[in-house]
Amino acid sequence: MYLERIRKPNDIQKISPKNYKVLAREIRDFLIESVSRTGGHLSSNLGAVELTMAIHLSFDLMKDKVIWDVGHQSYTHKLLTGRREGFNSLRSFGGMSGFPKRAESPCDAFDTGHSSTSISAGVGMAQARDLKGEDYHVVSVIGDGALTGGLAFEALNNVSAVKGNFIIVLNDNKMSISENVGGISNLLGKMRTSKIYTGIKESITGNLKRLPSGEDIHDVISNAKDSIKQLVVRDGMMFEDMDITYLGPFDGHNINQLLKAFRTAKQAKGPVLLHVLTKKGKGYPLAEANPGRFHGIDPFDPATGKLLKKEENATYTKLFSDCMVQLGKQKSNVVAITAAMTDGTGLSRFARHFPERLFDVGIAEAHAVTFAAGLAVAGMKPYVAIYSSFLQRAYDSILHDVCMQKLPVTFAVDRAGIVGKDGETHQGIFDLSYLTSIPNLTVMAPKNAYEFAQMFLFSASFDGPLAIRYPRGEAILDYKSYNSKIIYGKAEVMLQSDDHTIALVAIGSMTKTAMNVAKRLEQDGINATVINLRFAKPLDLECIRSLKNYKNIFTLEENVKTGGIGEQIATCLLEQRSRAKVRIFAVPDRFIPHGCVDVLMRELGLDPDHIYEEAVKAVKGSKTDHE
């Protein structure tokens, strides 16, 4: 196997060109087999195999800087930098990340995880290189889906400031996670046909140079090349008009063609954009046919593509899908907005039922929110479905465009809390802090599937900005009998203790943990009060103040401690001159690595076992103090 010969960076340069196709096949076979065991991002990586090989053959990975936008397509890059054994622990706690990490390898030039960042980072690196008089290449690899992000266009606007060599590789596979939409996709679609221009130019050049004085004639008419190019492929001039040399499009699965393209790009002074056409899922028919399903996938059978784990209960995403269809049937002004995540957010069914009321704006979260504000002003009832960690990118739009105007926009905040294997960039652990700081915004979180449905029913008649946050994975089906009517700003008392020894105050998914701890304490003869807050904002201050005489109060949330619910409760009780010992169980104020959710919750001390042990200690300590 040629793949086995690659043990360190740049080893691929020792492979004979006649064996490149064999190596590409070995890489794909390895990725399919490995990801089928661990889960991970498959189709995007299969589509970038030859492109990654060409980059590693064209550049010195210990010197040159390659920035992978988003970064979930970097598996081949990791293989070619000697990290093959790390795939056994891919995305596991303490194991290899599924994204580029500078701490993991000197060949990972920039930590990525959210889209549209690579050009900005590349411009910064290229400018630093030139200012310091250093000599290395900077390459930013960005997908056509990520090009819809506003940050990418802000960077493109600034690219002309780079005077030294800077290469942007546009990996064009017509996909984000779902199929790309919008004007940028249409533009690139036209540019994909621009090979006619390349063929005409090469033919004219070749024929002229064979004529007497052909060189002179060629030099004269070369000044008109921009006019010829604009006539033949007018849409391809966008980049050139921004002082970025455009090359392409090239077959992203033809290594020899890519190597020639990179040789040309490396000689350019200033920024160059290499337009490369690839196929997501390349080499694995199941992924080629359904690249979205294999974008991020759990362990599966490579022969059939079927997931190995047992059928799970309905997920919150699936419940959201059902709720949206129901709301769409009830109200003709209900519309749904997604940022390139129609499938991931569960809006595919809504799109089938109401295609004219589903808006996929591409990877453009801030635009999605302000677009929703415009819809709301004009009398529609918008639901914006965005993952928690991606919603961070739209903070200003939420603050100024929706909440300042008190518009009836509902945010479906999926993947809130600890998400797991995608790691730091995807953990949804900041939303309670930043959302509850915004005036006029109501923030809710359900304890289980039944309350989730109630909250969306509540949202239908709510006339103001509203966010409903919910976790990834299976919906909690416990505690169906605890299902009191939702009243604005009111918490739900699930268990009431008369001895005021300990109260467990929880929000969202942590309510199940609180109930688990309370049941175990009951077996020890300790009666605990359990409160399901329901509303993170406004907090039920009357309910919280009623706890002022408790000896111990534990707050539970899947959110960072700073600015979180626990701190707000502690402040409220302090103002009441409560003598209760408040213990905040929250995520530490740091970025949380990748790993299984259960493992991470134990590591963070947010699992039922740890909280139960701490509760027992607290109660015993209270009795000792009293005695």
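The values are calculated or read from the model by the stated rules, or taken from the named source; none is laboratory data. This is a predicted model, so every value here is computed, not measured. Glycine gets a Cβ as well: all are built from the backbone with ideal geometry, and neighbour counts include every protein chain shown. Surface accessibility is based on the protein's heavy atoms, side chains included, excluding ligands, DNA and RNA. Shrake-Rupley method; radii C 1.70, N 1.55, O 1.52, S 1.80 Å.
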Legend entry - residue 318/residue 496 FRET efficiency (R0 35 Å; Cβ-Cβ; nearest 0.05): 0.55
Inset, instruction - Run a plain Debye calculation on the range 237-293 (Cα atoms as equal point scatterers, no solvent) and give log10 I(q)/I(0) at q = 0.23, 0.25 Å⁻¹, rounded to two decimals, same order as the q list. - result: -0.86, -0.93
Legend entry - Net lengthening on full extension, residue 524/residue 574 (0.36 nm per residue, minus Cα-Cα): 15.0 nm
Inset, instruction - First check a/c for the range 1-79, with a ≥ b ≥ c the square roots of the eigenvalues of its C-alpha gyration tensor; if it is under 1.5, answer rounded, and if not, answer prolate when a/b is larger than b/c or oblate otherwise. - result: oblate
Legend entry - Per residue accessible area in Å² of the range 242-334, where ligands, DNA and RNA are left out and the probe is 1.4 Å: 49
Legend entry - the chain - charge dipole about Cα centre, Lys and Arg +1 at Cβ, Asp and Glu -1, debye rounded to 20: 740
Legend entry - Apportionment of accessible area to carbon and sulfur, the chain, percent (1.4 Å): 51
Legend entry - Additional length obtainable on full extension of the chain from residue 158 to residue 599, 0.36 nm per residue less Cα span: 154.5 nm
Legend entry - Long-range amide H partners of residue 250 with built H, under 5 Å: 275, 276, 277
Legend entry - Among (1) 38.5; (2) 32.3; (3) 28.1, the entry derived from the coordinates for mean projected area of the Cα convex hull in nm²: (2)
Inset, instruction - Work out the length of the dipole vector of the range 50-172 about its Cα centre, built from +1 on the beta-carbon of each Lys and Arg and -1 on the beta-carbon of each Asp and Glu, and round it to the nearest 20 debye. - result: 300
Inset, instruction - Read phi for every residue in the range 564-577 and hand back ³J(HN,Hα) as whole Hz from Karplus 6.51 cos²θ - 1.76 cosθ + 1.60, θ = phi - 60°, with x for Gly and Pro. - result: x, 5, x, 5, 5, 5, 4, 5, 4, 5, 5, 5, 8, 6
Inset, instruction - Report the semi-axes of the equivalent ellipsoid for the range 86-168 in whole Å, largest first, where each axis is √(5λ) for an eigenvalue λ of the Cα gyration tensor. - result: 26, 17, 8
Inset, instruction - Tell me which residues come under 5 Å, amide H to amide H, from residue 66 once H is placed; ignore anything under 5 positions away on its chain. - result: 109, 139
Legend entry - Hydrodynamic radius by Kirkwood, which averages 1/r over all alpha carbon pairs of the range 560-613, in angstrom: 12.6
Inset, instruction - First measure r as the distance between the Cβ atoms of residue 242 and residue 136, then evaluate 1/(1 + (r/R0)^6) with R0 = 35 Å and state the FRET efficiency to the nearest 0.05. - result: 0.90
Inset, instruction - Would you kindly derive the ³J(HN,Hα) couplings of the range 237-250 from the backbone phi angles with the Karplus curve 6.51 cos²θ - 1.76 cosθ + 1.60 (θ = phi - 60°), listing them in order in whole Hz, with x for Gly and Pro? - result: 7, 3, 5, 5, 5, 9, 6, 10, 5, 9, 10, x, x, 10
Inset, instruction - Would you mind working out the accessible area per residue for the range 35-180, using a 1.4 Å probe, and quoting it in Å²? - result: 30
Inset, instruction - Sort all Cα-Cα distances of the range 64-112 into consecutive 5 angstrom bins from zero, then give the percent of pairs in each bin up to the one containing the longest distance. - result: 5, 25, 36, 25, 8, 1
Legend entry - Residue among 591, 604, 566 farthest towards the positive dipole end of the range 566-615, charges placed on Cβ: 566
Inset, instruction - Averaging over all projection directions, find the projected area of the Cα convex hull of the range 293-432 and quote it in nm² with one decimal place. - result: 9.3
Legend entry - Mean accessible surface per residue for the range 522-627, computed with a 1.4 Å probe while every protein chain stays in place, in Å²: 50
Inset, instruction - Note the per residue figure in Å³ for the convex hull of the C-alpha positions in the range 425-582. - result: 120
Inset, instruction - Taking all protein chains together and a probe of 1.4 Å, list 242, 601, 1 from the most accessible to the least accessible. - result: 1, 242, 601
Legend entry - Helix-only [θ]222 nm of the chain, DSSP H runs n ≥ 4, -39500 (n - 2.57) each, per residue, nearest 500: -11000 deg cm²/dmol
